[in-house]
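The values are calculated or read from the model by the stated rules, or taken from the named source; none is laboratory data. Bear in mind that the values here come from a model prediction, so they are computed numbers and not experimental data. Neighbour counts run over all protein chains shown; Cβ positions are idealised from the backbone, glycine included.
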Amino acid sequence: MTRHCRRHPYLVGPDHWLPPEPYEYGWATAVGCNNLACERCGEPVRAQVPAKARYRRYGCGCRRQDVHDTYQVGGEPDDLYPVLTGWTCAGHPGFPLPAVLDGVRLDATTDWDTLAAGTILLPPFEPPGVELRTVWVTRLYRLLGAERPLLSGSVARLLDCGDPRLVRAAYDFFSNERDAPGAGLLARSVAARRDWLGSVPDPVRPASSLLDHAALLLHDRVLVLDENGDPADRPALELARELALDGIGPSHTPLTFSRHDPGWLADHAAVLARLNRGWITSLVRGAARMAPGTRERVLRELADIAPEQVEAALRHL
């Protein structure tokens, strides 16, 4: 199996990660491609950091590029400098098991539950410059082939554990990997543990609860669509509705429903506005997408509840 980096592969400076192993493709933003080739001269693109330099120098047989931070080949604006094009990812081999990743042995005897629980909070390595929570487990998942369901299934089992840090880490993993096997268990887990989640501070943002973050993840799940363009995770949609009727959900809660359940939003807009004034702006934006007659009714209902907020939101449409 050969993998390729994204359409515009990354060049990275010394403070970002240029992986040494050939199987490491551009699995996240700002992971440098280590197998670039030039379409013009046909030579491979080589990279080095000159002594005492604060940049990484890339070059082929016909040109060079010095990179201090990050640069996307063919994907940068041309307002200051000409866009660099013609360097493409030449492909990366797969990551078959058995293998060793950062000192962790992976083979047919791997205990994936133990591995997930042990590395999701204490990763053996964190790639510099990659801003991604649960980064090591996410990286492993993206490198794996047929073993992916084994890893994501083990992460899914952390959804029901008693350690808030592990629960939050599992949420972060499924935020990164919305389509991973096991993500569909989120709604059931949140519904069963709703009271506990509401009583436990979020380990990352203690001012809010784990239930607040779970609600955000449910809205992410609603964005996963089936072949007909409808939400694939109906339990997540239903639970997101239930939580919304208790005033629980991210600031974009009404916009989620305006895209994927507009009839329900039209019927409940006034209720949601009374429950959470922080949703007023999103409610107005959601109403703007409705059919004219429905839009006018919903906006009138909202204006009766929070006239100044509605007026301000309408000015910014």
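Key figures for this structure:
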| quantity | calculated |
| --- | --- |
| Some residue of the range 78-85 being within 27 Å of residue 132 (Cβ to Cβ), within 30 Å of the chain's Cα centre (by Cα) and at pLDDT below 95 | yes |
| Those residues of the range 91-120 which are part of a loop (DSSP other than H, G, I, E, B), crowded, with 17+ Cβ neighbours inside 10 Å and aliphatic (A, V, I, L, M), in sequence order | 120 |
| Condition met for residue 186 (surrounded by 15 or more Cβ atoms within 10 Å (Cβ to Cβ) and over 16 Å from residue 235 (Cα atoms)) | no |
| Qualifying residue in the range 121-135 (condition: small (Gly, Ala, Ser), touching a Ser or Thr at 6+ places or on another chain (Cβ under 9 Å) and assigned by TED's automatic domain parsing to the domain that holds residue 215) | yes |
| Which listed residue is in contact (Cβ under 8 Å) with a residue 40 or more places away in the chain and among the charged types (D, E, K, R), from 39, 43 | 39 |
| Counted residues, the range 25-62 - those being among the polar types (S, T, N, Q) and in contact with an Asp or Glu (Cβ under 9 Å, 6 or more places away or on another chain) | 2 |
| Filter result for the condition that a residue is under 28 Å from residue 317 (Cα atoms), in the same structural domain as residue 298 (by TED's automatic domain parsing), in a helix (DSSP H, G or I) and under 21 Å from the mean Cα position of the chain (by Cα), over 259, 285 | 259 |
| Test result for residue 5, surrounded by 15 or more Cβ atoms within 10 Å (Cβ to Cβ), assigned to a loop (DSSP other than H, G, I, E, B), of a type in the set (A, V, I, L, M, F, W, C) and at negative phi | yes |
| Selected residue (criterion: farthest from residue 126 (Cα to Cα)) from residues of the range 46-64 that are in contact (Cβ under 8 Å) with a residue 40 or more places away in the chain and assigned to a strand (DSSP E or B) | 58 |
| Filter result (closer than 10 Å to residue 255 by Cα and basic (Lys, Arg)) within the range 275-290 | 285, 289 |
| Options 172, 195, 220, 179: the member that is assigned to a helix (DSSP H, G or I), at pLDDT below 95 and of a type outside the set (A, V, I, L, M) | 220 |
| Filter pass, residue 207 being crowded, with 19+ Cβ neighbours inside 10 Å and either among the small types (Gly, Ala, Ser) or part of a helix (DSSP H, G or I) (or both) | no |
| Among the candidates 18, 11, 36, residue that is touching a Pro at 6+ places or on another chain (Cβ under 9 Å) and modelled with pLDDT of 95 or more | 36 |
